[in-house]
Amino acid sequence: MNDRDNMSGTSEQGQSNSLHLTTERLLIKGGRVVNDDQSLYADVYIEDGLIKQVGENLVVPGGVKVIEADGRMVIPGGIDVNTCLMKPHLGVRPVDDFLQGTRAALAGGTTMIIDHVTPQPGDSLLEAFERWQEAADRKACCDYSLHVDVPQWNEAVKDELELLVQDKGINSFQVYMAYKDLYQMTDSELYEAFCFLKQLGAVVLVHAENGDLIAQEQSKILGMGITGPEGHPLSRPEELEAEAVFRAITLGNRVNCPVYVAKVMSKSAADAITQARRKGSVVFGEPITASLAADGSHYWSKNWAKAAAYVTSPPLSPDPTTPDHLHTLLSCGDLQVVGSAHCAYSTSQKAIGKDDFTLIPEGTNGAEERMAFVWDKAVAMGKMDENQFVAVTSTNAAKIFNLYPRKGRIAAGSDADVVIWDPDNVKTITAKLQQSAADYNIFEGLECRGGPALVMSQGRVVYEDGKLQAQQGTGRFIPRKPFPDFAYQRIKFRNQVKARQAVTRGIYDGPVCDVVLTPKYITPAPSAKTSPTSHQPPPIRNLHQSNFSLSGAQIDDNIPRRSGHRIVAPPGGRSNITSLG
Amino acid sequence: MEDGLIKQIGDNLIVPGGVKTVEANGRMVIPGGIDIHTHLQMPYRGTATVDDFAQGSKAALAGGTTMIVDHVIPEPGSSLMEAYDQWRQWADEKSCCDYSLHVDITHWDDSVRQEVDHLIKEKGVNSFQVYMAYKDYFQMSNSELYEVFTFLAERGGIAQVHAENGEIIAEEQARMLQMGITGPEGHVLSRPEELEAEAVFRAITIASQTNCPLYVTRVMSKSAADIISQARKKGNVVFGEPISASLGTDGTHYWSKNWAKAASFVTSPPLSPDPTTPDYLNTLLSSGDLSVSGSAHCTFSVAQKAIGKDDFTQIPEGVNGVEERMTLIWDKAVTTGKMDENMFVAVTSTNAAKILNLYPRKGRIAVGSDADLVIWDTDSVRTITAKTHTSAAEYNIFEGMELRGAPLVVICQGKMVLEDGNLHATSGVGRFIPCSPFPDFAYKRVKARKQLAVLRAVPRGMYDGPVSEFSLSRGGTPSASARTSPTKQPVRNLHQSGFSLAGPPTPDDIPIRPAGRRIVVPPGGRSNITSLS
């Protein structure tokens, strides 16, 4: 409870608390409460949008509305860590805004989303953040939080990032390794961004694809006359994703900064993450609904509109065994979180790229289907148990982004975002019955077991028996504090262990070769400039060396020697420091 | 042997009289070694490495290596051809054994492209090295690497890479210096092996995209070697070259209290501080996951190394190894039972000859091959020391090691140059051996894949549904692609009627509608192509 009060105290600014003055008391009776660590039969008592008690035979006030769970699973509401409900593409906005998008989320059992703020290069991050927050406050039907994407790296961005972390409750930022000449950062910029974000205690999200090579491949493929959606996966083969993932992890290791790979779409990228985790890297991987339930063979569909609907980056892998592999890794914990990357464009919006696949707006649906597919393909197949299901759809996300235990757990004091899950529910996905406003559903026709029977957001029932009663504008912005333990605890210890020390040696005073002063050999500029002669350890006095000199020069004065100054025979002869052998 | 060629092989040969007979006494007779990576007489800030072509090739012969392949390193911005001519002149003058040249591509533009083309076609160079490190100097961007690889794949060249992430190294170097670490240990701390592995991974990705054979020079760490062996298991055409230093010693010496000793180990990528590295690399070399061994022999005197006495980034990079290369592999791989003698010949000589397209002239004992032979003495034991080595360097990084196996007799171009421990090398007898493009060893597979990898567009009707309004000015996709968007002749849609109540029909042959123009209802209504579900 203290935790929670602190959170709302920091920056919620009391804007949405007024919505919860109406006291609502609910008792979920006879359910099996499933958290990420255990399952138990218990009743859940909810008051004022919070879970007040969990246990058997609870003593509750009279006049409480009772919901019979009948032995079904009661799980924490899902957290969808990756949505893009306002991401502009060439001036067009996705058809699912915060209203449509959160309605779709709720209908699928997800009670919180974290949306990406996507400023254009040159825009102020802070302004973009406020635009997003304003739109979401007006429209969102469930609690939300925001990631801020960093489209370019410069000094101005640093101040804004600091402000966002310290005052605005943002602890996660996405950087891009793709989209050359637009969002893409060089390795040096990434290194600096990682260093800076690590100091702030933020989680670094990475869009991992090699943008340089993609640009080359795109022009090559357009040059061959391939302009349809199949050009999209052809120009972005999964190797380029794996390469970028590998590079991002290397950077993360060097800087000692946690790395979160947004949208894991291919087996090889997932394998790169798995291997890095085996070696101890602090890295998290997020497969999305699309990569968990569909594959990239549809890009070759004869129906342009259908093929274009699958366009997202990194693309779906044409390898049909990919979803199965990703589910396996998700089940064993090598991948941690499921997002949806829900970014729905209509067919007419997709058609912007009808003559050039590089112009097709990127994004697929998935917010509504996310939890059901993980159930259907992992739990119902026996790969994953129900606790792990809760972990990957909700708890891990809450931990990584520092929302735990307010979100992601059914316990006294947590928010009353609760779902009664029905494992026997079978439904066929179709665009006709979905909440999303998109005219296409990439999972069209797939049959899916498992679904929410009842969804409760902030202690109110918003979805029951297929009926959605979401209220626009009820979603609150949930601020998040930096340095989430789940990511940063290990980092802190490693910082202490990794302190480097110079070797204490006598100063080399043997002969130095004459070099040209206008060096043809330029070492990296930053290092050459910062070369700190002043930081050197004080010279150890060499007792073998005499002060007396015929040439008049004093060798052990403290002025560091200039390069290019030839010392042929130092007075006193060579010291033992340079003796060979 | 006659006239520098091998004429006959067999039992009880019939030979003319007056032939000098060399008694092998049952010892191994192997093809002379090929050291595929040397930097002899390399210019460095107005000085040069202490081993010139005479000294360096003598050291090579003393170690059983009868051919070297040196790297031509033009200054960025200068002509590749001029540098090549310069190196040819130096080597022709002094080299005691046959040699060939790699040319390093230190910058990339159209004139370099032409020079590379010329070098491949006319000058007998088939391998070119590019750099992923040395930021703001040799380093190339991913896009440039892609273009170089594409070009080399067309012309049949081998792309060699110096694989280290230069950008991160620059950041790490600045950080180390800021922390006050200025000694040689800063070299290895700022270039951790992860950065080598990362660059190897990236190079392999680019090579596989461009379908170009890749050769990774100087494999120094376990993780880099692992990446190569994984890629080979996935079918990539990639060759890895560990060097004498990485096969024989490790990077713990960077922390030596003796500055001169620590500095003598400085090379890039650095030796790994993990002491199990040499053993591991020898294992991969034995299993064929790594293909050839070089020496990267590039020796500087202590005075030259001392240029960097106050700043490790200024220490000239390079270690010795040309003389010790074959002995090291024999001792660490063959006598330990990892490798058999045939594999020994493969990694010290034959594979290099195949990659350079010199096989079977070099790297094999067969009729018609060059008479570069070594009689190998498996029982000899000697201790490596700078006092007795042939190189002019004051330091030997293998100092004090006791190694089994050594050449007893070395025959180069049919002449005895090493006999009973005496070296009779003659400066200037070394010939330039031209290498031709498209070596089968690398290109057979590449050619087959080229035919398979043809991409095809999906034949579809034109999309003629509604298109949203959009502005190209905002955001923008990669500019190159937006401009080159080819306008295909539209396929006539037979379902679409030319008749319309809504006014004049939209002409079919305007391929792209003006951006920003909204088409609400196309004439003739939607065709079946855009119908949903």
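FYI, it's all coordinate maths here, none of it is from the lab. The model shown is predicted, which means the values in this text are computed figures rather than measured ones. Counting neighbours? That spans all protein chains shown, and the Cβs are built from the backbone with ideal geometry, glycine included.
Descriptive notes on the structure:
- Helix B:222-233 vs. chain B, principal-axis angle (Cα, 0 to 90°, nearest 10): 60 degrees
- Shown is the FRET efficiency for A:ALA499 and B:LYS257, computed with R0 = 22 Å from the Cβ-Cβ distance and rounded to the nearest 0.05: 0.60.
- Sum of -39500 (n - 2.57) over DSSP H runs of 4+, divided by residues of the protein assembly as shown (222 nm, nearest 500): -8500 deg cm²/dmol
- Dimensionless Rg ratio for the range A:283-357, taking C-alpha atoms and the 2.2 N^0.38 Å reference: 1.22
- 3J(HN,Hα) along the range B:402-419, derived from phi through the Karplus expression 6.51 cos²θ - 1.76 cosθ + 1.60 where θ = phi - 60°, amounts to 9, 10, 8, x, 6, x, 9, 10, 10, 10, 10, 6, x, 10, 6, 10, 10, 8 Hz, with x in place of Gly and Pro.
- Alpha-carbon centroid distance for the pair the range B:71-89 / the range A:175-195, whole angstrom: 35 Å
- Ranked packing of B:317-328, B:142-153, most packed first, by mean Cβ within 10 Å: B:317-328, B:142-153
- Between the range A:397-415 and the range B:224-270, the Cα center-to-center distance that results, in Å: 47 Å
- Using a Förster distance of 22 Å, the FRET efficiency for A:GLN469-A:LYS65 (Cβ separation, nearest 0.05): 0.95
- Eigen-decomposition of the gyration tensor built on the alpha-carbon atoms of chain B gives equivalent ellipsoid semi-axes of 53, 28, 20 angstrom, largest listed first.
- Computed on the range A:74-493, the Cα convex hull volume stands at 121 Å³ per residue.
- Percent of alpha-carbon pairs separated by more than 22 Å within the range A:120-214: 29 percent
- The long axis of helix B:142-155 is offset from the longest Cα principal axis of chain B by roughly 70 degrees.
- Helix B:53-62 and the longest principal axis of the Cα set of chain B meet at an angle near 70°.
- Put simply, the range A:116-170 fits an ellipsoid with semi-axes of 21, 12, 8 Å; these come from the alpha carbon gyration tensor as the roots of five times its eigenvalues, largest first.
- Sequentially through the range A:353-368, phi angles give Karplus couplings (6.51, -1.76, 1.60; θ = phi - 60°) of x, 5, 9, 7, 4, 6, 9, 5, x, 9, x, 10, 7, x, 5, 6 Hz, Gly and Pro residues having no value and appearing as x.
- Dipole moment magnitude, nearest 20 debye, the range A:284-361 about Cα centre, only Lys, Arg, Asp, Glu C-beta charged: 360 debye
- Values of log10 I(q)/I(0), in the order q = 0.06 Å⁻¹, for the protein assembly as shown under a Debye, Cα-only, solvent-free model: -0.56
- Between the listed residues A:GLY353, B:LEU145, A:VAL117, the Cα displaced farthest toward the positive end of the dipole of the protein assembly as shown, a dipole computed from Cβ unit charges relative to the Cα centre, is found at A:GLY353.
- Here B:GLU469 and A:ASP181 are evaluated by their C-beta separation; at R0 = 22 Å the FRET efficiency comes out at 0.35.
- Assigned charges on the beta-carbon of Lys, Arg, Asp, Glu; the range A:74-493 dipole about Cα centre (debye): 700 debye
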